[in-house]
Amino acid sequence: MLSKRNPQLNAHGELIHLLSTEGLGKEILTHVLDTAQRFVAVSDREVKKVPLLRGKSVFNLFFENSTRTRTTFEIAAKRLSADVINLDIGKSSTAKGESLLDTISNLSAMAADIFVVRHSESGAPYLIAQHVAPHVHVINAGDGRHAHPTQGLLDMFTIRHYKGDFTQLRVAIVGDVLHSRVARSDIHALSALGCPDVRVVGPKTLVPQDLSHLGVRVFHDLSEGIRDCDVVIALRLQNERMSGALLPSSQEYFKAYGLTPERLEAASPGAIVMHPGPINRGVEIDSAVADGAQSVILPQVTYGIAIRMAVMSIVAGNEGQV
(Lines give C-alpha, C1' and ligand atoms only; values in the text may rest on other atoms or scores of the structure.)
Protein backbone atom coordinates (compact mmCIF):
# COMPACT_ATOMS: atom_id res chain seq x y z
CA MET A 1 0.00 0.00 0.00
CA LEU A 2 1.40 3.40 -1.04
CA SER A 3 1.61 6.30 1.37
CA LYS A 4 -0.96 8.98 0.51
CA ARG A 5 1.61 11.59 1.44
CA ASN A 6 4.41 10.38 -0.80
CA PRO A 7 4.02 7.81 -3.61
CA GLN A 8 7.62 6.67 -3.08
CA LEU A 9 6.87 5.32 0.38
CA ASN A 10 4.66 2.54 1.65
CA ALA A 11 2.27 2.96 4.57
CA HIS A 12 5.16 2.29 6.98
CA GLY A 13 7.28 5.10 5.51
CA GLU A 14 9.68 2.72 3.76
CA LEU A 15 11.14 3.51 0.35
CA ILE A 16 9.58 1.26 -2.32
CA HIS A 17 10.13 3.47 -5.39
CA LEU A 18 12.71 6.19 -6.01
CA LEU A 19 11.04 8.88 -8.09
CA SER A 20 12.53 12.12 -6.73
CA THR A 21 14.65 13.45 -3.88
CA GLU A 22 11.80 15.91 -3.21
CA GLY A 23 9.82 14.86 -0.17
CA LEU A 24 12.45 12.46 1.15
CA GLY A 25 13.59 13.35 4.64
CA LYS A 26 17.07 13.36 6.09
CA GLU A 27 16.60 9.91 7.64
CA ILE A 28 15.82 8.18 4.33
CA LEU A 29 18.52 10.04 2.40
CA THR A 30 21.12 9.23 5.06
CA HIS A 31 20.05 5.58 5.02
CA VAL A 32 20.69 5.44 1.26
CA LEU A 33 24.11 7.08 1.66
CA ASP A 34 25.06 4.77 4.53
CA THR A 35 23.97 1.71 2.55
CA ALA A 36 25.97 2.88 -0.47
CA GLN A 37 29.02 3.22 1.76
CA ARG A 38 28.89 -0.51 2.41
CA PHE A 39 28.72 -1.20 -1.33
CA VAL A 40 31.79 0.91 -2.22
CA ALA A 41 34.04 -1.84 -0.88
CA VAL A 42 32.42 -4.43 -3.18
CA SER A 43 34.13 -2.76 -6.15
CA ASP A 44 37.52 -3.48 -4.59
CA ARG A 45 36.90 -7.19 -4.17
CA GLU A 46 38.24 -9.85 -6.51
CA VAL A 47 34.65 -11.10 -6.97
CA LYS A 48 32.54 -7.97 -7.34
CA LYS A 49 29.21 -9.58 -6.54
CA VAL A 50 26.80 -9.97 -3.65
CA PRO A 51 23.67 -12.18 -3.82
CA LEU A 52 21.11 -9.66 -2.57
CA LEU A 53 19.00 -9.57 -5.78
CA ARG A 54 19.65 -13.10 -7.00
CA GLY A 55 16.59 -14.32 -8.91
CA LYS A 56 15.26 -10.78 -9.41
CA SER A 57 14.80 -9.20 -12.85
CA VAL A 58 15.79 -5.57 -13.47
CA PHE A 59 14.45 -4.00 -16.68
CA ASN A 60 16.30 -0.92 -17.95
CA LEU A 61 13.70 1.12 -19.87
CA PHE A 62 15.51 4.04 -21.46
CA PHE A 63 13.12 6.01 -23.66
CA GLU A 64 15.88 8.65 -23.79
CA ASN A 65 19.53 7.88 -24.51
CA SER A 66 22.12 7.83 -21.75
CA THR A 67 25.01 5.43 -22.07
CA ARG A 68 26.60 6.39 -18.74
CA THR A 69 23.51 6.14 -16.54
CA ARG A 70 22.25 2.94 -18.17
CA THR A 71 25.68 1.33 -17.89
CA THR A 72 26.05 2.17 -14.20
CA PHE A 73 22.57 0.80 -13.46
CA GLU A 74 23.43 -2.37 -15.38
CA ILE A 75 26.72 -2.82 -13.51
CA ALA A 76 24.99 -2.13 -10.19
CA ALA A 77 22.23 -4.68 -10.85
CA LYS A 78 24.71 -7.34 -11.97
CA ARG A 79 26.84 -6.78 -8.87
CA LEU A 80 23.69 -7.47 -6.86
CA SER A 81 23.34 -10.74 -8.86
CA ALA A 82 20.12 -9.64 -10.60
CA ASP A 83 19.15 -10.61 -14.14
CA VAL A 84 19.33 -7.45 -16.27
CA ILE A 85 17.28 -6.80 -19.39
CA ASN A 86 18.20 -3.74 -21.48
CA LEU A 87 15.43 -2.71 -23.87
CA ASP A 88 16.07 -0.66 -26.98
CA ILE A 89 12.86 1.32 -26.68
CA GLY A 90 13.42 3.12 -29.98
CA LYS A 91 12.99 -0.18 -31.80
CA SER A 92 10.36 -1.65 -29.52
CA SER A 93 6.59 -1.73 -29.49
CA THR A 94 6.30 1.88 -28.24
CA ALA A 95 7.69 2.99 -31.59
CA LYS A 96 4.83 1.03 -33.18
CA GLY A 97 2.20 2.92 -31.24
CA GLU A 98 1.84 0.88 -28.07
CA SER A 99 1.12 3.03 -25.03
CA LEU A 100 3.57 3.38 -22.15
CA LEU A 101 1.29 1.53 -19.73
CA ASP A 102 0.64 -1.26 -22.25
CA THR A 103 4.40 -1.73 -22.53
CA ILE A 104 4.72 -1.84 -18.73
CA SER A 105 1.86 -4.35 -18.44
CA ASN A 106 3.48 -6.67 -20.96
CA LEU A 107 6.89 -6.44 -19.29
CA SER A 108 5.31 -7.01 -15.87
CA ALA A 109 3.83 -10.22 -17.28
CA MET A 110 7.44 -11.30 -17.91
CA ALA A 111 8.03 -11.23 -14.14
CA ALA A 112 9.82 -7.90 -13.85
CA ASP A 113 10.79 -6.90 -10.31
CA ILE A 114 12.39 -3.49 -10.86
CA PHE A 115 11.89 -0.99 -13.66
CA VAL A 116 14.65 1.60 -14.15
CA VAL A 117 13.03 4.30 -16.25
CA ARG A 118 14.43 7.25 -18.17
CA HIS A 119 11.88 9.26 -20.10
CA SER A 120 11.76 12.63 -21.84
CA GLU A 121 8.37 13.42 -20.30
CA SER A 122 8.31 14.69 -16.72
CA GLY A 123 6.19 12.44 -14.53
CA ALA A 124 6.45 9.25 -16.60
CA PRO A 125 8.05 7.21 -13.76
CA TYR A 126 5.29 8.40 -11.39
CA LEU A 127 2.64 7.18 -13.83
CA ILE A 128 4.33 3.79 -14.05
CA ALA A 129 4.67 3.53 -10.25
CA GLN A 130 0.93 4.08 -9.88
CA HIS A 131 0.12 1.16 -12.18
CA VAL A 132 2.57 -1.59 -11.23
CA ALA A 133 1.83 -4.46 -8.87
CA PRO A 134 2.83 -4.00 -5.20
CA HIS A 135 5.91 -6.23 -5.56
CA VAL A 136 7.28 -4.21 -8.52
CA HIS A 137 9.54 -1.22 -7.88
CA VAL A 138 10.25 1.83 -10.07
CA ILE A 139 13.47 3.85 -10.07
CA ASN A 140 13.56 7.16 -11.93
CA ALA A 141 16.73 7.44 -14.02
CA GLY A 142 15.75 10.92 -15.23
CA ASP A 143 12.40 12.34 -16.39
CA GLY A 144 12.21 15.44 -18.54
CA ARG A 145 13.33 18.53 -16.65
CA HIS A 146 11.89 17.17 -13.43
CA ALA A 147 14.22 14.87 -11.48
CA HIS A 148 17.28 12.62 -11.58
CA PRO A 149 17.30 11.28 -8.02
CA THR A 150 20.16 8.77 -8.25
CA GLN A 151 22.42 11.49 -9.68
CA GLY A 152 21.35 13.73 -6.81
CA LEU A 153 22.13 10.97 -4.32
CA LEU A 154 25.54 10.19 -5.80
CA ASP A 155 26.28 13.91 -5.65
CA MET A 156 25.34 13.91 -1.96
CA PHE A 157 27.51 10.83 -1.38
CA THR A 158 30.46 12.55 -3.06
CA ILE A 159 29.99 15.74 -1.04
CA ARG A 160 29.73 13.80 2.22
CA HIS A 161 32.81 11.73 1.36
CA TYR A 162 34.99 14.80 0.82
CA LYS A 163 33.37 17.35 3.13
CA GLY A 164 31.65 15.41 5.90
CA ASP A 165 28.90 17.37 7.63
CA PHE A 166 26.42 19.21 5.38
CA THR A 167 25.40 21.74 8.02
CA GLN A 168 28.41 24.02 7.54
CA LEU A 169 28.67 23.94 3.74
CA ARG A 170 28.31 26.50 0.98
CA VAL A 171 27.34 24.87 -2.31
CA ALA A 172 27.04 26.56 -5.71
CA ILE A 173 25.27 24.99 -8.69
CA VAL A 174 26.46 26.69 -11.87
CA GLY A 175 24.96 26.77 -15.34
CA ASP A 176 21.78 25.69 -17.09
CA VAL A 177 19.54 25.32 -14.06
CA LEU A 178 16.39 25.94 -16.12
CA HIS A 179 16.63 22.64 -18.00
CA SER A 180 18.48 20.63 -15.35
CA ARG A 181 16.76 17.79 -13.49
CA VAL A 182 20.08 17.24 -11.68
CA ALA A 183 19.95 20.75 -10.20
CA ARG A 184 16.46 20.17 -8.82
CA SER A 185 17.42 16.82 -7.32
CA ASP A 186 20.55 18.31 -5.74
CA ILE A 187 18.68 21.30 -4.30
CA HIS A 188 16.00 19.14 -2.64
CA ALA A 189 18.60 16.73 -1.23
CA LEU A 190 20.92 19.46 0.05
CA SER A 191 18.01 21.18 1.78
CA ALA A 192 16.85 17.95 3.44
CA LEU A 193 20.39 17.19 4.63
CA GLY A 194 20.69 20.57 6.31
CA CYS A 195 22.95 22.54 3.95
CA PRO A 196 22.49 26.19 5.02
CA ASP A 197 23.77 27.96 1.89
CA VAL A 198 22.73 26.67 -1.54
CA ARG A 199 23.30 28.97 -4.52
CA VAL A 200 22.46 28.78 -8.19
CA VAL A 201 24.59 30.71 -10.64
CA GLY A 202 23.92 31.35 -14.31
CA PRO A 203 22.63 33.72 -16.99
CA LYS A 204 19.12 35.09 -16.46
CA THR A 205 17.85 33.10 -19.45
CA LEU A 206 18.95 29.80 -17.87
CA VAL A 207 17.87 30.32 -14.25
CA PRO A 208 14.17 29.88 -13.34
CA GLN A 209 12.42 32.81 -11.73
CA ASP A 210 10.65 30.74 -9.06
CA LEU A 211 13.55 29.41 -6.99
CA SER A 212 13.03 31.46 -3.84
CA HIS A 213 10.57 28.91 -2.39
CA LEU A 214 13.35 26.30 -2.54
CA GLY A 215 15.49 28.39 -0.21
CA VAL A 216 18.33 29.01 -2.68
CA ARG A 217 20.14 32.23 -3.49
CA VAL A 218 20.40 33.26 -7.14
CA PHE A 219 23.52 34.87 -8.66
CA HIS A 220 24.17 35.97 -12.21
CA ASP A 221 27.86 36.75 -11.66
CA LEU A 222 30.09 33.66 -11.43
CA SER A 223 32.76 35.07 -9.11
CA GLU A 224 30.15 36.38 -6.67
CA GLY A 225 28.15 33.16 -6.86
CA ILE A 226 30.99 30.79 -6.02
CA ARG A 227 32.77 33.07 -3.54
CA ASP A 228 33.94 31.07 -0.50
CA CYS A 229 31.98 27.99 -1.63
CA ASP A 230 33.10 24.54 -0.48
CA VAL A 231 31.46 22.73 -3.40
CA VAL A 232 31.00 23.91 -7.00
CA ILE A 233 28.75 21.80 -9.22
CA ALA A 234 29.02 22.67 -12.91
CA LEU A 235 26.01 21.63 -14.98
CA ARG A 236 26.07 20.48 -18.58
CA LEU A 237 24.46 22.85 -21.07
CA GLN A 238 21.23 21.08 -22.04
CA ASN A 239 21.30 22.06 -25.71
CA GLU A 240 18.87 19.29 -26.65
CA ARG A 241 16.24 20.73 -24.31
CA MET A 242 16.64 24.38 -25.25
CA SER A 243 14.11 26.15 -27.43
CA GLY A 244 14.97 29.49 -28.98
CA ALA A 245 18.10 31.57 -28.57
CA LEU A 246 18.73 31.39 -24.84
CA LEU A 247 22.49 31.90 -25.31
CA PRO A 248 24.50 33.92 -27.84
CA SER A 249 26.92 30.97 -28.23
CA SER A 250 28.72 28.33 -26.20
CA GLN A 251 31.88 30.43 -26.50
CA GLU A 252 30.14 33.41 -24.93
CA TYR A 253 28.83 31.17 -22.18
CA PHE A 254 32.35 29.95 -21.39
CA LYS A 255 33.63 33.54 -21.22
CA ALA A 256 31.09 34.40 -18.54
CA TYR A 257 30.39 31.12 -16.72
CA GLY A 258 33.04 28.56 -17.66
CA LEU A 259 34.99 27.26 -14.67
CA THR A 260 38.66 28.13 -15.14
CA PRO A 261 41.52 27.91 -12.61
CA GLU A 262 41.46 31.70 -12.26
CA ARG A 263 37.71 31.86 -11.58
CA LEU A 264 37.87 28.93 -9.18
CA GLU A 265 40.16 31.00 -6.95
CA ALA A 266 37.03 32.82 -5.73
CA ALA A 267 35.83 29.61 -4.08
CA SER A 268 37.15 28.21 -0.82
CA PRO A 269 40.78 26.99 -1.17
CA GLY A 270 39.71 23.41 -0.49
CA ALA A 271 36.65 23.51 -2.74
CA ILE A 272 35.75 20.42 -4.74
CA VAL A 273 34.47 20.63 -8.32
CA MET A 274 31.73 18.31 -9.54
CA HIS A 275 29.93 17.70 -12.84
CA PRO A 276 27.16 15.19 -13.69
CA GLY A 277 28.72 14.45 -17.08
CA PRO A 278 29.24 14.17 -19.90
CA ILE A 279 31.55 17.20 -19.79
CA ASN A 280 31.64 19.80 -22.53
CA ARG A 281 35.25 20.91 -22.18
CA GLY A 282 35.74 24.56 -22.98
CA VAL A 283 32.05 25.25 -22.46
CA GLU A 284 31.12 24.60 -18.82
CA ILE A 285 34.57 23.81 -17.57
CA ASP A 286 38.21 24.23 -18.55
CA SER A 287 40.24 21.03 -18.93
CA ALA A 288 42.71 22.32 -16.34
CA VAL A 289 39.87 22.30 -13.79
CA ALA A 290 38.18 19.09 -14.98
CA ASP A 291 41.47 17.21 -14.70
CA GLY A 292 42.85 19.20 -11.77
CA ALA A 293 43.41 18.42 -8.11
CA GLN A 294 40.06 19.86 -7.01
CA SER A 295 38.02 17.82 -9.47
CA VAL A 296 36.09 14.82 -8.11
CA ILE A 297 34.25 14.12 -11.36
CA LEU A 298 35.60 10.60 -11.86
CA PRO A 299 34.96 9.53 -8.25
CA GLN A 300 31.37 10.66 -8.80
CA VAL A 301 31.04 8.01 -11.51
CA THR A 302 32.48 5.33 -9.23
CA TYR A 303 30.16 6.29 -6.37
CA GLY A 304 27.23 6.21 -8.80
CA ILE A 305 27.47 2.42 -8.98
CA ALA A 306 27.37 2.08 -5.17
CA ILE A 307 24.42 4.48 -4.90
CA ARG A 308 22.43 2.56 -7.52
CA MET A 309 23.23 -0.73 -5.78
CA ALA A 310 21.96 0.81 -2.54
CA VAL A 311 18.75 2.13 -4.07
CA MET A 312 17.88 -1.16 -5.79
CA SER A 313 18.55 -3.22 -2.66
CA ILE A 314 16.53 -0.84 -0.45
CA VAL A 315 13.42 -0.58 -2.65
CA ALA A 316 13.43 -4.35 -3.12
CA GLY A 317 13.72 -4.84 0.66
CA ASN A 318 16.87 -6.96 0.29
CA GLU A 319 19.64 -5.00 2.02
CA GLY A 320 21.11 -7.95 3.92
CA GLN A 321 24.80 -8.58 4.48
CA VAL A 322 27.21 -7.08 1.94
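Suppose we keep only residues that are in contact with a Gly (Cβ under 9 Å, 6 or more places away or on another chain) and open to solvent by less than 10 Å² (accessible area, probe 1.4 Å) within segment 208-230. Which one would you say is farthest from Ile28 (Cα to Cα)?
Once the filter is applied, the top-ranked residue is Leu222.
Could you identify the single residue in Gln151, Gln168 that is open to solvent by 10 Å² or more (accessible area, probe 1.4 Å) and under 24 Å from Glu74 (Cα atoms)?
One residue alone meets the criteria, Gln151.
Just to verify a result, which residue in segment 279-300, among those that are in a loop (DSSP other than H, G, I, E, B) and in contact (Cβ under 8 Å) with a residue 60 or more places away in the chain, is nearest to the chain's Cα centre (by Cα)?
This residue is Val296.
Being polar (S, T, N, Q) and part of a loop (DSSP other than H, G, I, E, B) is the filter; apply it to segment 301-322 and report the residue that is farthest from Val177 (Cα to Cα).
The qualifying residue farthest from Val177 (Cα to Cα) is Gln321.
Is it the case that Ile104 is under 28 Å from Gly55 (Cβ atoms), among the β-branched types (Val, Ile, Thr) and either modelled with pLDDT under 95 or within 22 Å of the chain's Cα centre (by Cα) (or both)?
Against the criterion (under 28 Å from Gly55 (Cβ atoms), among the β-branched types (Val, Ile, Thr) and either modelled with pLDDT under 95 or within 22 Å of the chain's Cα centre (by Cα) (or both)), Ile104 qualifies.
Given the criterion at pLDDT below 95 and open to solvent by less than 10 Å² (accessible area, probe 1.4 Å), identify the matching residue among His135, His131, His179, His119.
Residue meeting the stated conditions: His179.
List the strands (runs of 3 or more DSSP E) inside segment 162-260, counting only whole elements, that have at least 1 residues being closer than 26 Å to Ala141 by Cβ.
The strands (runs of 3 or more DSSP E) meeting that bar are 170-174, 197-201, 231-234.
The values are calculated or read from the model by the stated rules, or taken from the named source; none is laboratory data. Here the structure is a predicted model, which is why all the values come from computation and not from measurement. Heads up, the Cβs are rebuilt from the backbone with ideal geometry, glycines too, and the neighbour counts pull from every protein chain shown. What goes into the accessible areas is simple: the full protein's heavy atoms, side chains included, and nothing from ligands, DNA or RNA. Shrake-Rupley method; radii C 1.70, N 1.55, O 1.52, S 1.80 Å.
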